[in-house]
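Visitor: This is the structure, below, for whatever I ask next.
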């Protein structure tokens with residue numbers, strides 16, 4: 001039985017990764033990633049932004065830790081230099097290891113070389129050196145931590161590198177530097193590489209010229225199944241003294257199995273459903289309007305970042321009532337090659353994903369964006 005304060009707290013989170021016990025229907029993917037790690041293999045997890053990658057990765061690391069692994073999550077989002085990459089790795093070990101492993105790392109950390117920056121030391125705001133060969137040894141030392149941990153304690157590590165494609169901003173051959181160390185880890189560690197820029201992730205792992213070609217098996221996240229979403233939402237409404245009522249079906253249709261958008265719609269609906277009441281069609285309409293208002297500036301900014309050709313293709317995919325080339329024609333038209341190039345660029349960005357059942361062969365990854373574009377782009 002929930003307390004009054006717990007019943008008054010909105011149970012739907014949409015601005016941050018959800019805890020492991022609130023993850024919806026990702027048991028298969030979590031088990032697969034952990035099983036591959038147990039076999040000594042690496043994986044790469046690819047999905048558009050806000051598709052629940054981080055939540056899933058945290059679940060996998062939680063399960064791995066319970067099974068005795070040293071579990072480390074490193075977020076490379078926004079790194080600009082090799083010093084940034086090295087510092088993210090060091091910080092992750094410092095913050096996430098505990099007990100005897102934390103004591104071990106505390107001793108090791110004192111012997112690590114400082115990351116290289118212009119001016120001779122890790123001075124905040126200083127210009128960092130990224131092309132100097134001196135920048136590589138500190139990074140290699142931090143990459144070697146799982147190997148050293150295994151040599152000292154016989155402990156295996158599961159290391160997640162999230163937003164891995166961003167290491168290319170530090171240096172175009174950063175992936176080669178990273179692989180030069182971790183290829184020797186053998187039984188010491190397994191890795192999960194995750195990223196939301198699908199084009200760059202494909203380049204890193206599918207291009208024969210890149211260091212990680214063929215080094216990690218792909219795992220892609222599909223939309224959440226409607227039944228699992230329905231059960232999750234209904235249970236949380238009931239647990240907090242409400243009923244999702246007549247709003248459930250339109251919510252499922254609008255969210256399209258997108259994890260973050262599902263939570264966004266459910267959050268808005270819950271806020272407008274009084275305790276002891278059931279959501280109605282009118283409640284749903286109010287929630288839908290609230291989501292449209294909240295996402296308006298974000299969607300306009302995204303639209304402004306697209307080229308005219310990309311906008312035409314995105315509009316055609318959003319309407320999705322004819323083939324790709326025919327779909328783009330009413331929105332200004334483009335030659336076949338230009339349409340293909342625009343579609344590839346949108347796919348690389350994660351704005352559209354392949355869908356063999358759709359007339360265009362694609363669907364818009366974000367259902368809120370799809371509805372906004374199909375409705376005329378400048379409404380709301």
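Visitor: Which condition number in (1) under 21 Å from the mean Cα position of the chain (by Cα); (2) surrounded by fewer than 23 Cβ atoms within 10 Å (Cβ to Cβ) is the one that residue 255 fails?
Guide: (2)
Visitor: Has the range 317-337 got at least one residue that is modelled with pLDDT of 95 or more and in a helix (DSSP H, G or I)?
Guide: Just the residues of the range 317-337 that are modelled with pLDDT of 95 or more, to begin with: none.
Within the range 317-337 (the criterion being modelled with pLDDT of 95 or more and in a helix (DSSP H, G or I)), the answer is no, since none of the residues qualifies.
Visitor: Still on this structure, I have one more. Kindly establish whether residue 15 is part of a loop (DSSP other than H, G, I, E, B) and surrounded by 16 or more Cβ atoms within 10 Å (Cβ to Cβ).
Guide: No; evaluated as a whole, the condition is false for this residue.
Visitor: Residue check: is residue 205 assigned by TED's automatic domain parsing to the domain that holds residue 47 and assigned to a loop (DSSP other than H, G, I, E, B)?
Guide: No.
Visitor: Just to check your reading of the model, which residue among 50, 36, 58 is within 12 Å of the chain's Cα centre (by Cα), farther than 19 Å from residue 350 by Cα and not assigned by TED's automatic domain parsing to the domain that holds residue 369?
Guide: Only one candidate passes the filter, namely 58.
Visitor: When you scan the range 222-239, do you find a residue that is outside any helix (DSSP H, G or I), at pLDDT below 95 and either in the same structural domain as residue 368 (by TED's automatic domain parsing) or under 22 Å from the mean Cα position of the chain (by Cα) (or both), even just one?
Guide: Yes, some residue in the range 222-239 is outside any helix (DSSP H, G or I), at pLDDT below 95 and either in the same structural domain as residue 368 (by TED's automatic domain parsing) or under 22 Å from the mean Cα position of the chain (by Cα) (or both).
Visitor: Got at least one residue in the range 288-301 being over 30 Å from residue 8 (Cβ atoms) and in contact with a helix residue (DSSP H, G or I) (Cβ under 6 Å, 6 or more places away or on another chain)?
Guide: Narrowing the range 288-301 to residues over 30 Å from residue 8 (Cβ atoms): 299-301.
Those left that are additionally in contact with a helix residue (DSSP H, G or I) (Cβ under 6 Å, 6 or more places away or on another chain): 299.
Yes; the residues of the range 288-301 include at least one that is over 30 Å from residue 8 (Cβ atoms) and in contact with a helix residue (DSSP H, G or I) (Cβ under 6 Å, 6 or more places away or on another chain).
Visitor: Do we find that residue 135 is crowded, with 19+ Cβ neighbours inside 10 Å, within 23 Å of the chain's Cα centre (by Cα) and modelled with pLDDT under 95 in this structure? First the steps, then the outcome.
Guide: Numbers: crowded, with 19+ Cβ neighbours inside 10 Å: yes; within 23 Å of the chain's Cα centre (by Cα): no; modelled with pLDDT under 95: yes.
For residue 135, the condition - crowded, with 19+ Cβ neighbours inside 10 Å, within 23 Å of the chain's Cα centre (by Cα) and modelled with pLDDT under 95 - is not met.
Visitor: Tell me which residues, restricted to the range 132-188, are assigned to a helix (DSSP H, G or I) and without any contact (Cβ under 8 Å) to a residue 12 or more places away in the chain.
Guide: Residue satisfying the conditions is 133 alone.
Visitor: Answer yes or no as to whether residue 261 is modelled with pLDDT of 95 or more and closer than 19 Å to residue 48 by Cα.
Guide: yes
The values are calculated or read from the model by the stated rules, or taken from the named source; none is laboratory data. Remember, it's a predicted structure, so these values are computed and weren't measured experimentally. Don't worry about glycine lacking a Cβ; one is built from the backbone with ideal geometry, like all the others, and counts go over all protein chains shown.
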